[in-house]
Amino acid sequence: MRDATHVHDLRFRLMVIDLLRLAKKRYTYRKLSQLVQLQITVLSRYVKGHVLPSSERAKKIWEVLNPLVGLESELRKIVKFDEQGYFDNTPIIGDPTILEMAAQDAIARFAGKRITKVLTAAVDGIPLATMIAHAISVDLVIAKTSREVGVTEFIEETYSPLNSGVLVTFYVPKGSIRKADDVLIVDDVIRTGETQRVLMNIVEKCKAEIAGIYALIAIGDDFIHKMNPPQNCSIETVLRVRPKAS
């Protein structure tokens, strides 16, 4: 128990460093010093990774900065819809600091849940899913829209995206998800819920359990009906936004 507590404390202190680095993109060292009441030289050492704050100091920094530059706050600033109702997710999936914060957020939200695999769909969900799988030390499974050379057997699922008039098939190597697995489904954005439904179907075909669904951003609320998740399936999203009216 002591070891588990120590690991949890260390992860939190590292998460505070990520938060400081995120804050540094918005504020000068002078302003940060005023906000958290610490010397500039001390903050610089934290941001550069030369030293970790103590547990008590980390909590104080978190309490001040999280409302200002926490994960939800950062995502809210990034999500800007264009005329067609879409937004550019590149600043999200390409920012290691945001992805690391998201991984720690996922750990906190699914604390106590048994997770043995992380499953995502190619391609935009891969950076986030990779970070989460690494953080909880489990294997990552990627559902792709093409068969990989060298893999002889696949579990596959086909669907027709809304208003597309085409069929899309996702493939995962057979045996990559087993009956004893508890699978966390991860994506950067949930729009219609169709992709997540496909991934759930794949998990069910493998006779495994769905541990939950995690996404950074969800568009509206209609996706829940399309997904039709099991009653015990926890759906965790950091930010929910309303789609731009057409």
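The values are calculated or read from the model by the stated rules, or taken from the named source; none is laboratory data. In this text, all values refer to a predicted model and were calculated from it rather than measured experimentally. Because the Cβ atoms are built from the backbone with ideal geometry, glycine has one as well, and the counts that use them run over all protein chains shown.
Restricted to region 123-171, and to residues there that are of a type in the set (Asp, Glu) and more than 21 Å from residue 11 (Cα to Cα), the residue that is surrounded by the fewest Cβ atoms within 10 Å (Cβ to Cβ) is 153.
Might you let me know whether region 79-86 holds any residue that is under 28 Å from residue 20 (Cβ atoms) and not assigned by TED's automatic domain parsing to the domain that holds residue 170?
Of region 79-86, the ones under 28 Å from residue 20 (Cβ atoms) are 79-80.
Of the ones still in play, those that are also not assigned by TED's automatic domain parsing to the domain that holds residue 170 are 79-80.
Checking region 79-86: at least one residue is under 28 Å from residue 20 (Cβ atoms) and not assigned by TED's automatic domain parsing to the domain that holds residue 170.
Filtering region 93-118 down to residues that are part of a loop (DSSP other than H, G, I, E, B) and more than 19 Å from residue 66 (Cβ to Cβ), which residue is modelled with the lowest pLDDT?
Only one residue tops the list, namely 112.
Per the listing 164, 234, the residue uniquely among the small types (Gly, Ala, Ser) and within 19 Å of residue 144 (Cα to Cα) is 164. Check region 72-86 and report whether any residue there is within 20 Å of residue 129 (Cα to Cα), among the aliphatic types (A, V, I, L, M), assigned to a helix (DSSP H, G or I) and at pLDDT 90 or above. So far as region 72-86 goes, yes, one or more of its residues are within 20 Å of residue 129 (Cα to Cα), among the aliphatic types (A, V, I, L, M), assigned to a helix (DSSP H, G or I) and at pLDDT 90 or above.
With respect to (1) under 30 Å from residue 159 (Cβ atoms); (2) in contact with a strand residue (DSSP E or B) (Cβ under 8 Å, 6 or more places away or on another chain); (3) charged (D, E, K, R), the lone exception for residue 72 is condition (1). Identify the residue in region 107-122 that is within 13 Å of residue 186 (Cβ to Cβ) and of a type in the set (A, V, I, L, M) and, among all such residues, is surrounded by the most Cβ atoms within 10 Å (Cβ to Cβ). Once the filter is applied, the top-ranked residue is 119.
Just give me the residues in region 45-64 being hydroxyl-bearing (Ser, Thr, Tyr) and surrounded by 15 or more Cβ atoms within 10 Å (Cβ to Cβ), in sequence order.
Taking region 45-64 first, the residues hydroxyl-bearing (Ser, Thr, Tyr) are 46, 54-55.
If the condition is that a residue be hydroxyl-bearing (Ser, Thr, Tyr) and surrounded by 15 or more Cβ atoms within 10 Å (Cβ to Cβ), then 46 is the only one that fits.
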